[in-house]
1. If we count every other residue with Cβ under 11 angstrom of Thr119's Cβ, Lys/Arg +1 and Asp/Glu -1, where does the sum land?
2. Based on the Cβ-Cβ distance of Asp68 and Ala132, what FRET efficiency does E = 1/(1 + (r/R0)^6) give at R0 = 25 Å, to the nearest 0.05?
3. Please go through the residue pairs Lys92/Lys125; Lys92/Lys113; Lys65/Lys115; Lys92/Lys115 and name each one whose alpha carbons sit more than 25 Å apart in this structure.
4. Find the centroid of the Cα atoms in region 64-78 and in region 97-124, then give the distance between the two in whole Å.
5. Provide the per-residue ³J(HN,Hα) series for region 55-64, in order, calculated from phi with Karplus coefficients 6.51, -1.76, 1.60 and θ = phi - 60°, each as a whole number of Hz, with x at glycine and proline positions.
6. Pull up all non-local amide H partners of Ser67: gap of 5 or more, or a different chain, and H-to-H distance under 5 Å with H placed in the peptide plane.
Amino acid sequence: MKRQKASVMAVIALSGLTAFGPMTRGQDKNDAKPAPKPEPKTEVRPLPQPGPRPDRLQRLREFLKLSDDQFGKFQPIMEVELKETADLRQVKDLSPQDRMAKLKAIREATNEKVKPILTAEQLPKWETMRRASARPGPQPQPPAQPQPKPPEAK
C-alpha cells in the first residue's frame, strides 16, 4: 500500500513538473542585452521640380512619334497645362463642378494648341489618349417626370 501511494505521489509530482516547468522558465531574468538594431538609412529624394515629368514627356514623344521640331513646340504647351492644373488644385474654395469646368477648359485650350503641331497620323492617337485619361465628371441627371397614377378600381 505504501508502495502504491508512493507511486501515485511520484506520478503527480512528475506531471506537475511537466505541466508547470515551462512557466517557471518564462520568469527567469535575462541579463544579456540584445544587440542594438542598426538605424535604417533614410533615403533623401530631391523635391519634384515644377513642370511635367521628363519621363512622361518622353513617353508621349515616343507614343506620338514626335520629331525634334514637334517636341520643341509640344513641351512648353504641356508645361503650361501642368502649371495651370497645379495652380487650380491649390484653390480650395471652388466647388467640384467649377473645378471640373476649369480643368476641362484648360484641357481644351491645350488641345487647340497641340492640334496644329501634330500630323494626321498623330492626331487620332492624341485624341484617343486624351479621352482615355480624362476623368468623367458628374453627369447631368434628366429631370424627374411624374409617374402616371394607375386607374382606381371600382
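1. Numbers: positive: Lys65, Lys115, Lys125; negative: Glu121.
So the environment of Thr119 carries a net charge of +2.
2. Values: r = 26 Å, r/R0 = 1.05.
After rounding to 0.05, the efficiency reads 0.40.
3. Pairs exceeding the cut-off: Lys92/Lys125; Lys92/Lys113; Lys92/Lys115.
4. 14 Å
5. For region 55-64, the Karplus-derived couplings read 5, 5, 5, 5, 5, 5, 4, 5, 5, 8 Hz, x marking Gly and Pro.
6. none
A short reminder: the numbers here are calculations on the coordinates, not readings from a lab. Note that this is a predicted model, so its numbers are computed, not measured. Heads up, the Cβs are rebuilt from the backbone with ideal geometry, glycines too, and the neighbour counts pull from every protein chain shown.
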